[in-house]
Amino acid sequence: MKPKLSIVICTRDRCSSLIETLESISLQVIPALMEVIVVDNASSDETKSTVLKFTKKHKNLNIRYIYEKNIGLSIARNKGISEAKGEILAFIDDDAIPDNKWSLEILRSFKDKKISAVGGQVNLKYLEKKPMWVTDKLEIYLSKLVKSNKKIIEPPDYIVGANMAFRLSALKKTNGFSSNFGRIDKRLLSFEEIELLRRVKGIILYNPNMKVIHKVMGSRLTFRYFIVRAFWQGVSEARLDFIYGRPKSLDKNFSLKLLLERWVRALYKPVYKDTIEIVIDTIKYISYLLESNRISFFSKKSYSTLTMRPKERTEGEPMPPIKRVSSGGIVLNRKNNILLLYKRSTGEYLIPNGEVIEGETLEQTAVREILEETGYKTVVVRKIDVSEYTYTWDDGRTYHKKEHHFLLILEDQRKRSSKRSSHEDYTNKWVSLNEAVKLVTYKDARECLGKLRHILQDETSQT
């Protein structure tokens, strides 16, 4: 069944926090309507194994692990968009805990077809004691967003990336997040969601009942962190204003005159909390001016808005094909019978095959997929062929797939338990080569079997 809601979690080197987010998502009240996509943005910790173990444990959840080698939050989110199959796509951070009715509130919010995006409430949970100087104003840098009433969002109002959802059809028309915004490793760029919202057509809603708790680690409760965060906030704000212009309502709270007045008051009557705020705001103001001047200089040469803002797709323009690479093959036993997978729900006969995971060779993928899908441990003998084809899935998107086929033999005759969460729908069938050619559903599988016939005939004639 096609999911109604796709939940995308982008993560990098935070597997211990990620598992808490996944556990909380498993407690949602509508698991049958959801898919969960974990986008691993080049983690160096145990993220992959953590997700795979969780997937095996929670077979009632539709969870997919996707690896994205190019570092950047916007890049990872765009990967999630390309993989999502639900009508609605929600983003949540890997250090956020959703309310049990979070997913239900998201779907309720989109009942009105005019709604294109929804954001919700983000409360903070401090994992270490909160410093006295962290004021309500500074908590904005920690992604806090608490508003009491449901309302329509218009600039300069915003929603927070830790808790937001979109109608997938609306996202498709924007070409996704701009890579000029959003965190890239240690560069704490932001505003990627704010920039995207400027390009989304339709109503943007804030729903206070769509709640998450955002965990605040001790590493974010230092003066240095707020200084760095404010610096990159200024850079991000300058880039946004360069593209769209600065709203007049913001100028009242962000000017050199106002900043100097605050410094005078602070020097005349020092208040610790106020002084910290002023220092941080000053850093943000300086970085804003520096980035604005830098952009202005380069825009006179080649730095135009087209390099900052993704080109919007026109109505009806197709999405670029999503590329997939998979590997699998034909398994022979001692009697030269061939192992096929019979999918009971569709009546299809298939050759075992699956998507290549980052870091695997094609041969390793073929062996792993066959073990997971059939329960048999195999050894690669040789490569048979490579097939390429393009198809359109029921989500309306086009995929270009390259399948690598190998000839494999059983390492031993024992069948192990299948690791595939949906393996109950599949049955192993051992058949002769001639029967396999008649049974397989797809043309590329028949062609692969035909090439295998020639290989076996050549080997027989040589002996």
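Values in this text are rule-based calculations from the coordinates and carry no lab data. Note that the structure is a prediction, hence the values are computed from the model and not measured. For neighbour counting, all protein chains shown are included, and Cβ atoms are generated from backbone atoms with ideal geometry for every residue, glycine included.
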Quick note on Thr441, Thr55, Thr222, Thr365, ordering by fewest other C-beta atoms within 10 Å, gives Thr222, Thr441, Thr55, Thr365
Rounded to the nearest 10, the angle in degrees between the Cα long axis of helix 47-57 and the longest principal axis of the Cα atoms of the chain comes to 60
Rule-of-thumb check for the chain: C-alpha Rg over 2.2 N^0.38 Å? 1.17
Cα-based helix-to-principal-axis angle, 362-374 vs the chain, degrees rounded to 10: 80
Mind sorting His214, His454 by how few other Cβ atoms lie within 10 Å of their own Cβ, fewest first? His454, His214
If you place +1 on the Cβ of every Lys and Arg, -1 on the Cβ of every Asp and Glu, and leave all else neutral, what size is the dipole of region 322-462 about its Cα centre, to the nearest 20 Debye? 340
On the formula 1/(1 + (r/R0)^6), with r taken between the Cβ atoms of Glu46 and Glu355 and R0 of 25 Å, the FRET efficiency rounded to 0.05 is 0.75
Given points 7 Å out from each Cα along the Cα-Cβ axis, report the Tyr399 to Asn149 separation in nanometres with one decimal. 4.7
Once you have the Cα-Cα distance between Ser432 and Arg453, take 0.36 nm times their residue separation minus that, and quote the gain in nm to one decimal. 6.4 nm
In what sequence do Tyr126, Tyr376 fall when counting other Cβ within 10 Å, fewest first? Tyr126, Tyr376
Measure off 7 Å from each Cα along the Cα-to-Cβ vector at Asn333 and Asn123, then give the distance between these two points in nanometres to one decimal. 5.9
Relative contact order of region 1-90, please, whole-number percent, based on alpha carbon pairs below 8 angstrom and at least 6 residues apart. 43
Could you work out the relative contact order of the chain? I mean the mean sequence separation of Cα pairs under 8 Å and 6+ apart, divided by the number of residues, in percent. 13
Nearest-ten-degree value, helix 443-462 long axis tilted from longest Cα axis of the chain: 50
